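The values are calculated or read from the model by the stated rules, or taken from the named source; none is laboratory data. The structure displayed is predicted, hence computed values, not measured ones. Methodologically, a virtual Cβ is constructed for each residue, glycine included, from the backbone with ideal geometry; neighbour enumeration extends over all protein chains shown. These accessible areas exclude ligands, DNA and RNA; they are computed on the full protein's heavy atoms, side chains included. Shrake-Rupley method; radii C 1.70, N 1.55, O 1.52, S 1.80 Å.
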Amino acid sequence: MRALRILLVVVVILGGLFVIADRIAVAFAENEAADRLRTTENLSSTPDVSINGFPFLTQAAAGELDDVEVAMEDYEAGDGAEKVRIADLRAHLKGVEFSGDFSSATAATATGTATIGYDELMKAAKSEPTDIAPGVTAQVVGLSDGGNGKIKVALQATVFGIELPRPVDVLSSVAVKDDKVEVVADGLPKIAGRQFAESRLRAITDFQQTIEKLPGDIELDKVEAAKDGVEISVKGSDVRLAG
């Protein structure tokens, strides 16, 4: 009996040491992967990387991680005038194959979300006064959550030099079209009691924001309006994270 108790104590101690070693190893791997990702994607700050599943060491020995989560803030997608700041980008990666020094890593599949604030989306809207009829101009002065997945577009009009007392709100649908987020008015309002040409108004109310060069070339899937901005679902396969 005494020998059995000693054996059990040894097993418990070894098991505890293994767990401690496993957690130390996974913490090191998360930090190393985060640093590699920051370099590869030229990020301004280090992302958060969480390697899920236990034990980590057996996954590491096989060169493939079952489940990895990545989160980054203020990611800038695209180039030049098309550059857009993504306030919060989160990705859930499955089947991540990697090299021993994390210099290369590829995920079999990836899903996630990207949030773009309304202030950032405003950059793509027609925010300068634009003629819709002789003596009448209109411009987008604000974007906000319209409820039920819609965006509320605030339209300010000026008639013969006099600005109308309040903006006109236009409820708009938002959708993904190729690599763009597209905002389209559900209906067009009257301004100062008049209905203006649809093409003139839609040139102001409707707009697109291109979103390119996301990490690993993940793609836009769907989008809906939320409280603080638009929330975009992203997805990808054979997503290259490094190397």
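Every condition in (1) in contact with a helix residue (DSSP H, G or I) (Cβ under 8 Å, 6 or more places away or on another chain); (2) within 30 Å of Arg240 (Cα to Cα); (3) free of Cβ contacts under 8 Å to residues at least 40 places away in the same chain is met by Lys177 except one, and the failing one is (1). The set of residues in region 34-84 being in a loop (DSSP other than H, G, I, E, B) and under 18 Å from Val234 (Cα atoms) consists of Pro47, Gly78, Lys83. When Gln208 is tested against the conditions (1) touching a residue at least 60 places away in the same chain (Cβ under 8 Å); (2) closer than 17 Å to Pro129 by Cα, the lone failure is (2). Across region 18-76, the qualifying residues are those that are open to solvent by less than 30 Å² (accessible area, probe 1.4 Å) and charged (D, E, K, R), and the one among them that is modelled with the highest pLDDT is Asp67.
Look through Val234, Val223 and report the one residue that is part of a strand (DSSP E or B), in contact with a strand residue (DSSP E or B) (Cβ under 8 Å, 6 or more places away or on another chain), open to solvent by less than 80 Å² (accessible area, probe 1.4 Å) and farther than 26 Å from Pro167 by Cβ.
The match here is Val234.
If you check Ala87 against the conditions, is it in a strand (DSSP E or B) and at pLDDT 90 or above? When the stated conditions are applied, Ala87 passes them. Taking the criterion of being closer than 24 Å to Gly229 by Cβ and among the hydrophobic types (A, V, I, L, M, F, W, C), the residues of region 156-187 that qualify are Val168, Val170, Leu171, Val174, Ala175, Val176, Val181, Val183, Val184, Ala185.
Asp186 fails exactly one of the following numbered conditions: (1) in contact with a strand residue (DSSP E or B) (Cβ under 7 Å, 6 or more places away or on another chain); (2) free of Cβ contacts under 8 Å to residues at least 12 places away in the same chain. What is the number of that condition? Answer for Asp186: the failing condition is (2). Filtering region 103-125 to residues that are under 16 Å from Leu171 (Cα atoms) and touching a residue at least 40 places away in the same chain (Cβ under 8 Å) leaves Tyr118, Leu121, Ala125.
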